[in-house]
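The structure under discussion appears below in the form of structure tokens.
Read the figures in this text as sums done on the coordinates, not as results from a lab. Predicted, not measured: the structure shown is a model, and the values here were computed from it. Using ideal geometry, Cβ is built from the backbone for each residue, glycine included, and neighbour counts are taken over all protein chains shown.
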Amino acid sequence: MIKLKPRDAVLKMAAYSPPTGGRAGKLRLDFNENTVGASPHVVSFLKEQLTAGGLSVYPEYAEAKSEISTFFGVQPDELLFTNGTDEAIQVLVNTYVDGGDEVLLLRPSYAMYRFYAEVAGASIREVDYRHEDLSFPLEELLGQIQSRTKAILIANPNNPTGTGIDLAGIIRILAAAPHAAVLIDEAYYEFCGITALPLIREYTNLFVSRTFSKVYGMAAMRLGCLFSQPANTGFLHKAQSPYSVNTLATLGARAAIQDTQYVRDYVKQVIEARDLLYKGFERMGIAYYPSQANFVLFRAADRAVEIRDKLRARDLLVRDRSYELPGCVRVTVGTKEQVRKFLDAIEEVW
Ligand SMILES: Cc1ncc(COP(=O)(O)O)c(C=O)c1O
């Protein structure tokens, strides 16, 4: 029998398998999701719209494009719907990066940047977040930009550090790399309020992504938005499957943007709960990194895996990040009640 050999780029990759199994029934503070779920308005709208006839038709995006682009304050041709941010990253890499081209990443950051750059056979250069406080290494990144850098992928705020970069810093990167596609992934924008979106009109190399997976509580639907100038979105469309986003995702998003109060209330709760979490950590003498997002990294020295496992035994899920940041564990911030549960549990196992 002949064994098929995959491409070298795939052979060389480490498998990425986040622990998505067996999470039901537990307090899920491990994936930075919305911990109370999507707006009830989204669920009722989906039920109302769900028909056998509707399901039998390939997706049409015009109505959703018009409503969602208005919501974000852009023109429909400045917006691409994607199957989660993940597909936004994939399409951007497929559009601008050839095998052997250089992609500049930060470390640690969202795993899918490296994943898609590796699948593309790119040469990856990484710049570390600053050791002392995990702040954004702006000067260090600027120093690594070269003429062969084809893409720079940045999460703002960053996962898992929770730290961010300001607009002045983003502008310096855009100006220093006019030949590279610069992605600012704003998956956690709502918790920090800093956005590069208006800059797409000024910078031809800027791409901004947003997602309905986090604050909107729709991770299961897989809807992301990728914004750039129309000349760029034209090429992105060429490199994307015409039906990668399903109809239910766009219906859900149309309902979600009608219920902005829900999102505002959730963000307010999370920010209050994050303060409560900080106070709890301080009371217990647990070191943490202040965050601009709905998750916080704390330090457990050589007990990161043990702490994660002991919390799991109490039906509470957090993410061990010690493989990339020694001693660190990441906990998602939900409601105050959920934070209190977490603090009670960690006090028992600490
Ligand atoms: C920085 C960042 N971007 C994107 C995502 C995933 O977004 P999506 O569900 O839209 O693919 C995550 C999820 O953890 C993330 O941390």
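Summary of values
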{"read-out": "Which listed pairs, of 47/268; 26/336; 65/336; 279/336; 65/268; 26/310, have C-alpha distances above 24 Å, in listed order", "value": "47/268; 65/336; 65/268"}
{"read-out": "log₁₀ of I(q)/I(0) at q = 0.07, 0.08, 0.14, 0.15 Å⁻¹ - the chain, Debye sum with one point per alpha carbon", "value": "-0.30, -0.40, -1.23, -1.38"}
{"read-out": "Order of 92, 50 - criterion: other Cβ atoms within 10 Å of each residue's Cβ, fewest first", "value": "50, 92"}
{"read-out": "GluC sites (Glu not before Pro) within region 41-126: DSSP coil, no more than 16 neighbouring Cβ in 10 Å", "value": "60"}
{"read-out": "Distance from region 274-307 to region 177-212 (C-alpha centre basis), Å", "value": "28"}
{"read-out": "The chain, dipole about Cα centre (Lys/Arg Cβ +1, Asp/Glu Cβ -1), debye to the nearest 20", "value": "700"}
{"read-out": "Cβ-placed point charges (K, R +1; D, E -1), dipole of region 246-350 about Cα centre in debye, nearest 20", "value": "140"}
{"read-out": "Share antiparallel - DSSP beta bridges, region 40-256, percent rounded to 5", "value": "30"}
{"read-out": "Sum of side-chain charges, residue 187 neighbourhood, beta-carbon under 9 Å (Lys, Arg +1; Asp, Glu -1)", "value": "0"}
{"read-out": "Reachable aspartates and glutamates from residue 214, criterion Cα separation under 18 angstrom, eight or more residues apart if same chain", "value": "30, 33, 86, 87, 185, 186, 190, 259, 265, 272"}
